[in-house]
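One structure below.
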Amino acid sequence: MIQKPKGTYDILGNESGEILYLKKLIESLMDKYNYKYYKTPTFESSELFHRGVGETTDIVNKETYDFKDRGNRDMTLRPEGTAGIVRCFIENKLYALGKPLKAWYLGSMFRYERPQAGRNREFMQFGVEAFGSNDPMLDAEVISIIVNLFKLLGLKGIKVNINSLGDRESRENYRKALLEYFKPYLNNLCDDCRNRYEKNPLRILDCKVDSKKEIMKNAPKLTDYLNEESKRHFEMVQKYLDSMDIEYVVNPNIVRGLDYYTHTVFEVEADIKNFGSQNVLGAGGRYDHLVETIGGPSTPGVGFAIGIERLLLALKAEGIDINEEKELDVYAFSTSSNEKPYLINTVNMLRMNGFNVEADFMDRNMKNNFKHADKLKAKFIIIIGSDEVENNIITIKNNTTKEEFKVKKDNIVEFLDSKMGDE
Ligand code: HAM
(Lines give C-alpha, C1' and ligand atoms only; values in the text may rest on other atoms or scores of the structure.)
Protein backbone atom coordinates (compact mmCIF):
# COMPACT_ATOMS: atom_id res chain seq x y z
CA MET A 1 0.00 0.00 0.00
CA ILE A 2 1.30 3.45 -0.88
CA GLN A 3 1.55 5.64 2.20
CA LYS A 4 2.11 9.34 2.71
CA PRO A 5 5.75 10.43 3.03
CA LYS A 6 7.19 10.60 6.55
CA GLY A 7 6.58 13.97 8.19
CA THR A 8 3.50 14.82 6.11
CA TYR A 9 -0.17 14.52 7.04
CA ASP A 10 -3.68 14.45 5.59
CA ILE A 11 -6.47 16.75 6.67
CA LEU A 12 -9.73 14.81 6.51
CA GLY A 13 -13.07 16.39 5.61
CA ASN A 14 -14.61 16.13 9.06
CA GLU A 15 -11.67 17.93 10.68
CA SER A 16 -11.03 20.54 7.98
CA GLY A 17 -13.39 23.04 9.64
CA GLU A 18 -10.48 24.15 11.86
CA ILE A 19 -8.15 25.20 9.09
CA LEU A 20 -10.95 26.80 7.06
CA TYR A 21 -12.06 28.81 10.09
CA LEU A 22 -8.46 29.87 10.76
CA LYS A 23 -8.02 31.02 7.15
CA LYS A 24 -11.14 33.17 7.37
CA LEU A 25 -10.03 34.67 10.68
CA ILE A 26 -6.56 35.44 9.31
CA GLU A 27 -8.01 37.04 6.19
CA SER A 28 -10.29 39.33 8.14
CA LEU A 29 -7.50 40.21 10.60
CA MET A 30 -5.18 41.09 7.71
CA ASP A 31 -7.81 43.46 6.30
CA LYS A 32 -7.83 45.27 9.65
CA TYR A 33 -4.06 45.83 9.41
CA ASN A 34 -4.15 46.69 5.68
CA TYR A 35 -1.93 43.78 4.60
CA LYS A 36 -2.53 42.31 1.10
CA TYR A 37 -2.46 38.61 0.24
CA TYR A 38 0.51 37.41 -1.84
CA LYS A 39 1.16 33.99 -3.36
CA THR A 40 4.63 32.99 -4.45
CA PRO A 41 5.81 29.62 -5.87
CA THR A 42 6.36 26.63 -3.57
CA PHE A 43 9.71 26.08 -5.29
CA GLU A 44 12.32 28.63 -6.31
CA SER A 45 15.90 28.65 -7.60
CA SER A 46 18.11 27.08 -4.94
CA GLU A 47 20.33 30.15 -5.03
CA LEU A 48 17.55 32.30 -3.55
CA PHE A 49 17.59 30.36 -0.29
CA HIS A 50 21.37 30.06 -0.17
CA ARG A 51 21.68 33.82 -0.48
CA GLY A 52 18.55 34.70 1.45
CA VAL A 53 18.28 32.32 4.41
CA GLY A 54 22.05 31.86 4.71
CA GLU A 55 24.70 29.27 3.88
CA THR A 56 25.57 28.57 7.51
CA THR A 57 22.03 27.87 8.73
CA ASP A 58 20.78 24.35 9.44
CA ILE A 59 17.72 25.12 7.34
CA VAL A 60 19.80 25.53 4.17
CA ASN A 61 22.64 23.16 5.04
CA LYS A 62 20.71 20.16 6.27
CA GLU A 63 17.01 20.57 5.71
CA THR A 64 16.18 21.67 2.17
CA TYR A 65 14.47 19.53 -0.44
CA ASP A 66 16.69 20.15 -3.47
CA PHE A 67 16.15 18.80 -6.95
CA LYS A 68 17.19 19.35 -10.52
CA ASP A 69 14.30 20.04 -12.86
CA ARG A 70 14.19 18.52 -16.34
CA GLY A 71 16.06 21.53 -17.68
CA ASN A 72 18.91 20.74 -15.24
CA ARG A 73 18.21 23.81 -13.08
CA ASP A 74 18.81 23.66 -9.31
CA MET A 75 15.50 24.07 -7.54
CA THR A 76 14.50 23.98 -3.86
CA LEU A 77 11.12 23.50 -2.21
CA ARG A 78 10.77 26.62 -0.09
CA PRO A 79 11.80 26.03 3.55
CA GLU A 80 10.23 29.38 4.59
CA GLY A 81 8.30 32.24 3.05
CA THR A 82 10.37 35.39 3.53
CA ALA A 83 12.99 34.83 0.80
CA GLY A 84 10.27 34.18 -1.82
CA ILE A 85 8.31 37.29 -0.88
CA VAL A 86 11.51 39.36 -1.05
CA ARG A 87 12.27 37.90 -4.50
CA CYS A 88 8.71 38.79 -5.57
CA PHE A 89 9.09 42.30 -4.11
CA ILE A 90 12.24 42.90 -6.17
CA GLU A 91 11.13 41.16 -9.38
CA ASN A 92 7.85 43.08 -9.50
CA LYS A 93 9.50 46.37 -8.48
CA LEU A 94 7.11 46.70 -5.58
CA TYR A 95 9.55 49.15 -4.00
CA ALA A 96 8.14 51.71 -6.45
CA LEU A 97 4.74 51.47 -4.72
CA GLY A 98 3.58 53.26 -1.58
CA LYS A 99 5.45 52.46 1.61
CA PRO A 100 5.31 50.47 3.72
CA LEU A 101 4.33 47.62 1.44
CA LYS A 102 2.52 45.04 3.54
CA ALA A 103 2.20 41.42 2.40
CA TRP A 104 0.71 38.31 4.00
CA TYR A 105 0.88 34.69 2.86
CA LEU A 106 -0.30 31.25 3.85
CA GLY A 107 1.07 28.05 2.44
CA SER A 108 3.21 24.94 2.66
CA MET A 109 6.89 25.05 3.59
CA PHE A 110 9.25 22.08 3.43
CA ARG A 111 12.08 21.11 5.76
CA TYR A 112 13.77 17.74 5.99
CA GLU A 113 13.67 17.52 9.78
CA ARG A 114 13.19 14.64 12.18
CA PRO A 115 9.39 14.51 12.45
CA GLN A 116 7.67 14.68 15.84
CA ALA A 117 4.59 16.37 17.28
CA GLY A 118 4.59 19.93 15.91
CA ARG A 119 7.52 19.29 13.60
CA ASN A 120 6.68 18.16 10.09
CA ARG A 121 8.49 17.95 6.78
CA GLU A 122 5.66 19.72 5.01
CA PHE A 123 4.04 22.30 7.27
CA MET A 124 1.95 25.39 6.85
CA GLN A 125 2.94 28.92 7.72
CA PHE A 126 0.90 32.08 7.96
CA GLY A 127 3.32 34.97 7.64
CA VAL A 128 3.54 38.70 7.06
CA GLU A 129 6.33 40.87 5.64
CA ALA A 130 6.35 44.69 5.66
CA PHE A 131 8.87 46.60 3.55
CA GLY A 132 10.18 50.13 3.39
CA SER A 133 10.03 51.49 6.94
CA ASN A 134 12.64 51.65 9.71
CA ASP A 135 10.04 52.72 12.25
CA PRO A 136 10.16 50.56 15.42
CA MET A 137 6.38 51.10 15.57
CA LEU A 138 6.16 48.69 12.62
CA ASP A 139 8.10 46.03 14.58
CA ALA A 140 5.57 46.49 17.38
CA GLU A 141 2.63 46.31 14.97
CA VAL A 142 3.94 43.05 13.51
CA ILE A 143 4.26 41.52 17.00
CA SER A 144 0.76 42.74 17.83
CA ILE A 145 -0.65 40.75 14.90
CA ILE A 146 0.48 37.45 16.45
CA VAL A 147 -0.72 38.47 19.89
CA ASN A 148 -4.11 39.64 18.62
CA LEU A 149 -4.65 36.56 16.45
CA PHE A 150 -4.04 34.37 19.50
CA LYS A 151 -6.31 36.58 21.58
CA LEU A 152 -9.13 36.32 19.01
CA LEU A 153 -8.77 32.55 19.15
CA GLY A 154 -9.01 32.62 22.94
CA LEU A 155 -5.50 31.22 23.39
CA LYS A 156 -4.19 32.36 26.76
CA GLY A 157 -1.02 30.37 27.44
CA ILE A 158 1.46 32.29 25.33
CA LYS A 159 4.74 34.03 26.04
CA VAL A 160 6.31 36.69 23.81
CA ASN A 161 10.13 36.71 23.90
CA ILE A 162 11.93 39.61 22.26
CA ASN A 163 15.57 40.49 21.72
CA SER A 164 17.69 42.77 19.58
CA LEU A 165 20.51 41.63 17.31
CA GLY A 166 21.42 45.25 16.60
CA ASP A 167 22.45 46.83 13.35
CA ARG A 168 25.42 45.88 11.15
CA GLU A 169 27.94 47.82 13.20
CA SER A 170 26.80 46.26 16.49
CA ARG A 171 26.81 42.81 14.91
CA GLU A 172 30.34 43.31 13.59
CA ASN A 173 31.63 44.37 17.00
CA TYR A 174 29.93 41.39 18.56
CA ARG A 175 31.32 39.06 15.91
CA LYS A 176 34.83 40.18 16.75
CA ALA A 177 34.19 39.62 20.45
CA LEU A 178 32.91 36.10 19.76
CA LEU A 179 35.92 35.23 17.60
CA GLU A 180 38.22 36.31 20.37
CA TYR A 181 36.24 34.50 23.05
CA PHE A 182 35.92 31.16 21.26
CA LYS A 183 39.48 31.05 19.90
CA PRO A 184 41.03 29.22 22.87
CA TYR A 185 38.08 26.75 22.97
CA LEU A 186 38.03 25.74 19.30
CA ASN A 187 39.03 22.16 20.12
CA ASN A 188 36.13 21.83 22.56
CA LEU A 189 33.55 22.65 19.88
CA CYS A 190 31.82 20.31 17.42
CA ASP A 191 32.89 20.13 13.74
CA ASP A 192 29.92 22.26 12.68
CA CYS A 193 30.81 24.96 15.18
CA ARG A 194 34.43 25.05 14.06
CA ASN A 195 33.06 25.67 10.57
CA ARG A 196 30.69 28.31 11.93
CA TYR A 197 33.63 29.99 13.67
CA GLU A 198 35.06 30.85 10.26
CA LYS A 199 31.82 31.75 8.50
CA ASN A 200 29.34 33.02 11.08
CA PRO A 201 30.36 32.75 14.77
CA LEU A 202 26.91 33.93 15.92
CA ARG A 203 25.53 30.57 14.78
CA ILE A 204 27.73 28.81 17.38
CA LEU A 205 25.35 30.09 20.08
CA ASP A 206 22.47 28.37 18.31
CA CYS A 207 24.22 24.97 18.14
CA LYS A 208 22.10 22.01 19.21
CA VAL A 209 25.18 19.89 20.06
CA ASP A 210 27.29 22.39 22.01
CA SER A 211 24.50 24.45 23.57
CA LYS A 212 24.75 22.86 27.04
CA LYS A 213 28.48 23.43 27.41
CA GLU A 214 29.80 25.83 30.05
CA ILE A 215 31.72 27.87 27.47
CA MET A 216 28.40 28.80 25.87
CA LYS A 217 26.99 30.19 29.10
CA ASN A 218 29.91 32.55 29.61
CA ALA A 219 30.08 33.75 26.00
CA PRO A 220 29.78 37.52 25.43
CA LYS A 221 26.20 38.78 25.30
CA LEU A 222 25.02 40.64 22.24
CA THR A 223 23.12 43.17 24.34
CA ASP A 224 26.48 44.46 25.61
CA TYR A 225 27.55 45.30 22.06
CA LEU A 226 24.53 47.27 20.81
CA ASN A 227 25.40 50.78 19.63
CA GLU A 228 23.28 53.80 20.56
CA GLU A 229 21.04 53.63 17.49
CA SER A 230 20.34 49.91 18.03
CA LYS A 231 19.59 50.47 21.70
CA ARG A 232 17.20 53.29 20.85
CA HIS A 233 15.37 51.17 18.27
CA PHE A 234 14.92 48.34 20.75
CA GLU A 235 13.74 50.68 23.50
CA MET A 236 11.15 52.18 21.20
CA VAL A 237 9.82 48.74 20.22
CA GLN A 238 9.32 48.01 23.92
CA LYS A 239 7.67 51.35 24.48
CA TYR A 240 5.15 50.70 21.69
CA LEU A 241 4.45 47.20 22.99
CA ASP A 242 3.88 48.66 26.46
CA SER A 243 1.46 51.21 25.08
CA MET A 244 -0.57 48.41 23.48
CA ASP A 245 -0.50 46.54 26.83
CA ILE A 246 1.28 43.62 25.18
CA GLU A 247 3.22 41.55 27.68
CA TYR A 248 6.69 40.34 26.69
CA VAL A 249 9.98 39.18 28.11
CA VAL A 250 13.37 40.46 26.94
CA ASN A 251 15.26 37.24 26.34
CA PRO A 252 18.92 37.61 25.27
CA ASN A 253 19.05 33.96 24.18
CA ILE A 254 16.80 34.52 21.16
CA VAL A 255 19.19 34.56 18.17
CA ARG A 256 16.97 32.82 15.54
CA GLY A 257 17.99 30.11 13.08
CA LEU A 258 18.08 32.29 9.95
CA ASP A 259 20.86 34.67 8.97
CA TYR A 260 18.93 37.69 7.75
CA TYR A 261 17.90 39.39 10.97
CA THR A 262 18.92 42.80 12.30
CA HIS A 263 17.52 44.71 15.29
CA THR A 264 14.32 43.18 16.70
CA VAL A 265 13.83 39.41 16.83
CA PHE A 266 11.03 37.60 18.61
CA GLU A 267 9.60 34.17 19.32
CA VAL A 268 6.13 33.47 20.67
CA GLU A 269 6.01 30.33 22.79
CA ALA A 270 3.11 28.16 23.90
CA ASP A 271 3.31 28.49 27.66
CA ILE A 272 1.09 25.44 28.15
CA LYS A 273 1.81 22.60 30.56
CA ASN A 274 3.07 19.40 28.87
CA PHE A 275 2.91 21.03 25.45
CA GLY A 276 6.10 19.40 24.21
CA SER A 277 9.41 20.66 22.95
CA GLN A 278 8.19 22.20 19.69
CA ASN A 279 6.62 25.06 21.56
CA VAL A 280 7.54 28.07 19.41
CA LEU A 281 4.27 28.88 17.66
CA GLY A 282 5.51 31.85 15.69
CA ALA A 283 8.65 33.87 15.21
CA GLY A 284 10.20 36.64 13.19
CA GLY A 285 12.02 39.92 13.24
CA ARG A 286 13.50 42.79 11.29
CA TYR A 287 15.77 42.22 8.29
CA ASP A 288 17.13 45.53 7.03
CA HIS A 289 19.63 44.12 4.50
CA LEU A 290 17.86 41.11 3.01
CA VAL A 291 16.36 42.95 0.03
CA GLU A 292 19.83 44.21 -0.87
CA THR A 293 21.40 40.77 -0.38
CA ILE A 294 18.92 39.28 -2.83
CA GLY A 295 19.67 42.00 -5.40
CA GLY A 296 17.14 44.78 -4.77
CA PRO A 297 17.54 48.37 -3.67
CA SER A 298 18.36 48.91 0.00
CA THR A 299 14.98 48.45 1.75
CA PRO A 300 14.28 47.56 5.38
CA GLY A 301 11.81 44.81 6.23
CA VAL A 302 10.12 43.16 9.18
CA GLY A 303 7.86 40.14 9.48
CA PHE A 304 6.98 36.85 11.15
CA ALA A 305 5.62 33.39 10.43
CA ILE A 306 3.33 31.23 12.55
CA GLY A 307 3.34 27.44 12.27
CA ILE A 308 -0.29 26.52 11.70
CA GLU A 309 0.07 22.91 12.92
CA ARG A 310 1.61 24.05 16.20
CA LEU A 311 -1.09 26.67 16.64
CA LEU A 312 -3.77 24.00 16.18
CA LEU A 313 -1.98 21.77 18.73
CA ALA A 314 -1.90 24.67 21.19
CA LEU A 315 -5.62 25.30 20.73
CA LYS A 316 -6.30 21.61 21.36
CA ALA A 317 -4.11 21.64 24.49
CA GLU A 318 -6.18 24.52 25.85
CA GLY A 319 -9.46 22.83 24.94
CA ILE A 320 -10.43 25.43 22.32
CA ASP A 321 -12.55 23.89 19.55
CA ILE A 322 -12.66 25.88 16.31
CA ASN A 323 -13.84 23.02 14.09
CA GLU A 324 -16.82 24.72 12.47
CA GLU A 325 -19.34 22.21 11.19
CA LYS A 326 -20.89 23.24 7.87
CA GLU A 327 -24.67 23.18 7.85
CA LEU A 328 -26.67 21.44 5.15
CA ASP A 329 -29.86 23.30 4.25
CA VAL A 330 -31.47 20.72 1.99
CA TYR A 331 -31.19 17.03 1.17
CA ALA A 332 -33.07 16.12 -2.03
CA PHE A 333 -33.99 12.81 -3.65
CA SER A 334 -36.31 11.43 -6.30
CA THR A 335 -38.48 8.35 -6.02
CA SER A 336 -37.18 6.91 -9.31
CA SER A 337 -34.56 7.60 -11.98
CA ASN A 338 -37.21 9.14 -14.24
CA GLU A 339 -37.37 12.23 -12.02
CA LYS A 340 -33.61 12.75 -11.83
CA PRO A 341 -33.44 15.52 -14.49
CA TYR A 342 -36.04 17.49 -12.48
CA LEU A 343 -34.15 16.67 -9.27
CA ILE A 344 -30.75 17.87 -10.51
CA ASN A 345 -32.36 20.96 -12.03
CA THR A 346 -33.93 21.87 -8.66
CA VAL A 347 -30.74 21.14 -6.73
CA ASN A 348 -28.64 23.21 -9.14
CA MET A 349 -31.05 26.14 -8.96
CA LEU A 350 -31.09 26.09 -5.14
CA ARG A 351 -27.30 26.02 -4.94
CA MET A 352 -27.07 29.00 -7.27
CA ASN A 353 -29.46 30.80 -4.92
CA GLY A 354 -27.18 30.32 -1.96
CA PHE A 355 -28.37 27.11 -0.30
CA ASN A 356 -26.15 24.20 0.77
CA VAL A 357 -27.71 21.20 -0.92
CA GLU A 358 -26.91 17.49 -1.22
CA ALA A 359 -28.70 15.05 -3.53
CA ASP A 360 -29.11 11.27 -3.44
CA PHE A 361 -26.48 9.69 -5.70
CA MET A 362 -26.95 6.15 -4.39
CA ASP A 363 -30.52 5.38 -5.50
CA ARG A 364 -31.54 4.82 -1.87
CA ASN A 365 -35.05 3.73 -1.02
CA MET A 366 -37.39 6.15 0.77
CA LYS A 367 -36.55 4.91 4.27
CA ASN A 368 -32.80 5.09 3.74
CA ASN A 369 -33.09 8.53 2.19
CA PHE A 370 -34.76 9.85 5.33
CA LYS A 371 -32.11 8.18 7.46
CA HIS A 372 -29.36 9.69 5.35
CA ALA A 373 -30.92 13.17 5.61
CA ASP A 374 -30.80 12.82 9.41
CA LYS A 375 -27.20 11.70 9.28
CA LEU A 376 -26.31 14.80 7.25
CA LYS A 377 -28.34 16.96 9.66
CA ALA A 378 -30.26 18.43 6.71
CA LYS A 379 -32.72 21.13 7.76
CA PHE A 380 -35.13 20.37 4.89
CA ILE A 381 -35.82 17.33 2.74
CA ILE A 382 -37.07 17.59 -0.84
CA ILE A 383 -38.89 14.62 -2.34
CA ILE A 384 -39.45 14.50 -6.10
CA GLY A 385 -41.93 11.98 -7.53
CA SER A 386 -43.81 11.78 -10.83
CA ASP A 387 -46.60 13.94 -9.38
CA GLU A 388 -44.17 16.76 -8.61
CA VAL A 389 -42.69 16.65 -12.13
CA GLU A 390 -46.11 16.63 -13.82
CA ASN A 391 -47.41 19.60 -11.80
CA ASN A 392 -44.14 21.50 -11.57
CA ILE A 393 -44.22 21.48 -7.77
CA ILE A 394 -41.90 20.42 -4.98
CA THR A 395 -42.68 18.45 -1.85
CA ILE A 396 -40.56 19.74 0.98
CA LYS A 397 -40.38 18.62 4.57
CA ASN A 398 -39.04 20.53 7.55
CA ASN A 399 -36.79 17.92 9.13
CA THR A 400 -37.12 19.45 12.59
CA THR A 401 -40.87 20.04 12.86
CA LYS A 402 -41.68 17.27 10.33
CA GLU A 403 -44.23 19.59 8.65
CA GLU A 404 -44.68 18.88 4.95
CA PHE A 405 -45.44 21.45 2.24
CA LYS A 406 -46.19 21.40 -1.47
CA VAL A 407 -44.68 24.46 -3.12
CA LYS A 408 -44.67 25.66 -6.73
CA LYS A 409 -41.17 25.12 -8.11
CA ASP A 410 -40.97 28.78 -9.10
CA ASN A 411 -41.59 29.76 -5.47
CA ILE A 412 -39.21 27.34 -3.76
CA VAL A 413 -36.39 29.86 -3.24
CA GLU A 414 -38.73 32.39 -1.68
CA PHE A 415 -40.29 29.63 0.46
CA LEU A 416 -36.92 28.41 1.74
CA ASP A 417 -35.74 31.96 2.38
CA SER A 418 -38.75 32.67 4.57
CA LYS A 419 -38.48 29.35 6.42
CA MET A 420 -34.73 29.74 7.02
CA GLY A 421 -35.50 33.10 8.57
CA ASP A 422 -37.65 31.26 11.16
CA GLU A 423 -34.85 28.89 12.09
P1 HAM B 1 11.04 30.07 11.57
O2 HAM B 1 11.32 30.35 13.00
O3 HAM B 1 12.01 29.19 10.86
O4 HAM B 1 10.96 31.49 10.85
O5 HAM B 1 9.60 29.47 11.42
C6 HAM B 1 8.47 30.15 11.91
C7 HAM B 1 7.51 29.18 12.55
O8 HAM B 1 7.19 28.12 11.65
C9 HAM B 1 8.07 28.44 13.75
O10 HAM B 1 7.97 29.23 14.91
C11 HAM B 1 7.18 27.23 13.82
O12 HAM B 1 5.95 27.53 14.46
C13 HAM B 1 6.91 26.93 12.35
N14 HAM B 1 7.77 25.83 11.90
C15 HAM B 1 9.05 25.89 11.53
N16 HAM B 1 9.51 24.68 11.18
C17 HAM B 1 8.49 23.82 11.33
C18 HAM B 1 8.32 22.42 11.13
N19 HAM B 1 9.29 21.65 10.66
N20 HAM B 1 7.11 21.87 11.40
C21 HAM B 1 6.09 22.63 11.86
N22 HAM B 1 6.19 23.96 12.06
C23 HAM B 1 7.37 24.55 11.80
C24 HAM B 1 10.72 31.65 9.52
O25 HAM B 1 10.38 30.77 8.78
C26 HAM B 1 10.86 33.10 9.07
N27 HAM B 1 10.61 33.13 7.63
C28 HAM B 1 9.88 33.98 9.81
C29 HAM B 1 9.97 35.41 9.40
C30 HAM B 1 9.15 36.05 8.53
N31 HAM B 1 10.89 36.28 9.76
C32 HAM B 1 10.67 37.43 9.17
N33 HAM B 1 9.61 37.30 8.39
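The values are calculated or read from the model by the stated rules, or taken from the named source; none is laboratory data. If you're wondering where the values come from, they're calculated on a predicted model, not measured in any experiment. Methodologically, a virtual Cβ is constructed for each residue, glycine included, from the backbone with ideal geometry; neighbour enumeration extends over all protein chains shown. Only protein heavy atoms, including side chains, enter the accessible area calculation; ligands, DNA and RNA are left aside. Shrake-Rupley method; radii C 1.70, N 1.55, O 1.52, S 1.80 Å.
Here Val255 fulfils each of the conditions (1) hydrophobic (A, V, I, L, M, F, W, C); (2) buried (at least 19 other Cβ atoms within 10 Å of the Cβ); (3) within 16 Å of the ligand (Cβ to nearest atom) apart from (2).
Selection of the range 266-283 for residues being under 26 Å from Asn218 (Cα atoms), within 8 Å of the ligand (Cβ to nearest atom) and open to solvent by less than 10 Å² (accessible area, probe 1.4 Å) yields only Val268. Does the range 192-223 hold any residues that are loosely packed, with under 12 Cβ neighbours inside 10 Å and either more than 18 Å from Asn61 (Cα to Cα) or at pLDDT 90 or above (or both), and which are they? Matches in the range 192-223: Lys212, Glu214, Lys217, Asn218.
Could you identify the single residue in Thr346, Thr335 that is touching a residue at least 40 places away in the same chain (Cβ under 8 Å), closer than 12 Å to Val389 by Cβ and open to solvent by less than 50 Å² (accessible area, probe 1.4 Å)? Give the steps one after another, and end with the answer.
Numbers: Thr335 fails: open to solvent by less than 50 Å² (accessible area, probe 1.4 Å).
When all the criteria are applied, what remains is Thr346.
Of all residues in the range 269-286, those that are closer than 27 Å to Ser164 by Cβ have Cβ atoms under 8 Å from Cβ atoms of residues that are of a type in the set (Lys, Arg) and part of a loop (DSSP other than H, G, I, E, B), 6 or more apart or on another chain, in Ala283/Arg256; Gly285/Arg256. The selection criterion, being free of Cβ contacts under 8 Å to residues at least 24 places away in the same chain, under 20 Å from Tyr261 (Cβ atoms) and surrounded by 15 or more Cβ atoms within 10 Å (Cβ to Cβ), does not hold for Val53. Scanning the range 179-188 for residues that are open to solvent by less than 60 Å² (accessible area, probe 1.4 Å) and closer than 14 Å to Asn218 by Cβ yields a count of 2.
Within the group Val60, Val86, Val142, which residue is within 14 Å of the ligand (Cβ to nearest atom), free of Cβ contacts under 8 Å to residues at least 24 places away in the same chain and assigned to a helix (DSSP H, G or I)? Show your work before the answer.
On the way: Val86 fails: free of Cβ contacts under 8 Å to residues at least 24 places away in the same chain; Val142 fails: free of Cβ contacts under 8 Å to residues at least 24 places away in the same chain.
From the options Val60, Val86, Val142, the qualifying one is Val60.
Only residues that are open to solvent by 10 Å² or more (accessible area, probe 1.4 Å), within 23 Å of Gly354 (Cβ to Cβ) and of a type outside the set (Asp, Glu) were counted in the range 313-332, giving 2. Within the range 157-178, can one find any residue that is assigned to a loop (DSSP other than H, G, I, E, B), surrounded by 20 or more Cβ atoms within 10 Å (Cβ to Cβ) and away from the ligand (no atom under 11 Å from the Cβ)? Within the range 157-178 (the criterion being assigned to a loop (DSSP other than H, G, I, E, B), surrounded by 20 or more Cβ atoms within 10 Å (Cβ to Cβ) and away from the ligand (no atom under 11 Å from the Cβ)), the answer is yes, since at least one residue qualifies.
For the condition open to solvent by 20 Å² or more (accessible area, probe 1.4 Å) and either free of Cβ contacts under 8 Å to residues at least 12 places away in the same chain or within 14 Å of the ligand (Cβ to nearest atom) (or both), His263 does not qualify. Only residues that are in contact (Cβ under 8 Å) with a residue 12 or more places away in the chain and surrounded by 11 or more Cβ atoms within 10 Å (Cβ to Cβ) were counted across the range 411-423, and they come to 6. Evaluation of Gln125 against the conditions (1) surrounded by 20 or more Cβ atoms within 10 Å (Cβ to Cβ); (2) in contact with a helix residue (DSSP H, G or I) (Cβ under 6 Å, 6 or more places away or on another chain) shows that the sole unmet condition is (2).
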